[in-house]
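Structure first, commentary second.
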Amino acid sequence: MTNVPDAAAQKTKYTFNHRWAPELATDGHVQVSTFFLENYHRLKPYDLTHGEAMFVVHLMQHKWGTDAPFPAYKTIAQRMGVSTKTARRFAASLEQKKYLNREMRIGYTNRFHLNKLITALVELKTGKPPTRRATRKPKP
């Protein structure tokens, strides 16, 4: 007789509650690429600092689909435990490195387009551009 794991037990083995704790599940979680986490410091031509990488992770907390996230700098700064000025510096640095495109909007928070970062990660991994876009281009 083979020892086949029970399907229900196998399903729950990898749930958030089993990986972290049930008490933390109510706040949600962020889907972040493992390749990003392990390689952000190897991007070419510019690597990311730890602060810039965390800024991206916090942007991903607001990215629910293909549209660009649009959290306020104040929100990101509070969650990172830094000043709003520091959060703006992270965004400016990512934009200068050509990994982020900030879409300025009057009366609304900025949209943060990450398609160039995603392209750079795919090219690092595969040696060629991605086959499909992960984010939309900014609207004119």
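Would you confirm, using the coordinates I've provided, whether Asp67 is surrounded by fewer than 18 Cβ atoms within 10 Å (Cβ to Cβ), in contact with a His (Cβ under 7 Å, 6 or more places away or on another chain) and of a type in the set (D, E, K, R)? When the stated conditions are applied, Asp67 does not pass them.
The residues in region 1-45 that are at pLDDT 85 or above, surrounded by 10 or more Cβ atoms within 10 Å (Cβ to Cβ) and farther than 24 Å from Leu121 by Cβ can be counted, and the count is 3.
Here Ala77, Ala53, Ala87, Ala120 are screened, and the one residue that is out of contact with any Pro (no Cβ under 6 Å at 6 or more places or on another chain), of a type in the set (Gly, Ala, Ser), in contact (Cβ under 8 Å) with a residue 60 or more places away in the chain and surrounded by 15 or more Cβ atoms within 10 Å (Cβ to Cβ) is Ala120.
The values are calculated or read from the model by the stated rules, or taken from the named source; none is laboratory data. Note that the coordinates shown come from a computational prediction; the quantities given were computed from them, not determined experimentally. Glycine gets a Cβ as well: all are built from the backbone with ideal geometry, and neighbour counts include every protein chain shown.
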